[in-house]
Amino acid sequence: RDVYNWADWSYKGSAHVFQDAEVAALCAPRKLYVQVGTADTVFDYHGAVKEAQQAKDYYHQLGAAENFQFDLWPGGHTVSDHDHGYDFLFSALG
């Protein structure tokens, strides 16, 4: 007997439907902090800027604009050395 119904576990073709902004909108209205480095050699940050603006618009439409933050920092493909993102996310814990 097949225990798993894999069709329920994945959405075939979702990469053609959901871009980063739509995935971010799935998190709303919860807090979301996105950080992208301008010196990233893996991903071009310009696309992230466009997607972040769209994500911000989704959060705004849901009345939760303050729960989305986008941090464009001068680093590479890593987490920055400041605590802004952690502070923002942990503030949701009370």
Practice item. Would you kindly compute the Cα radius of gyration of segment 24-94 and its largest Cα-Cα separation (Dmax), both in Å? Key: 12.4, 36
Revision key, fill the gap. Gyration tensor on Cα atoms of segment 42-81, a ≥ b ≥ c root eigenvalues, a/c under 1.5 rounded, else prolate if a/b beats b/c, else oblate, says oblate
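If H82, H16 are ordered by their accessible area, calculated over protein heavy atoms with a 1.4 Å probe, which sequence runs from highest to lowest?
Numbers: H82 45, H16 165 Å².
Largest accessible area first, the residues go H16, H82.
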Review point. So what J values fall out for segment 67-79 if you push phi through Karplus, 6.51 cos²θ - 1.76 cosθ + 1.60 with θ = phi - 60°, rounded to Hz, Gly and Pro as x?
Key: 9, 10, 10, 10, 10, 9, 10, x, x, x, 8, 7, 7
Point to revise | Separation of the Y33 and Q54 label points, Cα + 7 Å toward Cβ, nm | key: 2.5
Exercise for review: Keeping the other protein chains in place, figure out the carbon and sulfur percent of the accessible area of segment 20-67, with a 1.4 Å probe.
Suggested key: 56
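The values are calculated or read from the model by the stated rules, or taken from the named source; none is laboratory data. Worth saying up front: this structure is predicted, and the values here are computed from it rather than measured. Methodologically, a virtual Cβ is constructed for each residue, glycine included, from the backbone with ideal geometry; neighbour enumeration extends over all protein chains shown. The protein model used for the area step is the full one, side chains on, heavy atoms only, and it has no ligands, DNA or RNA in it. Shrake-Rupley method; radii C 1.70, N 1.55, O 1.52, S 1.80 Å.
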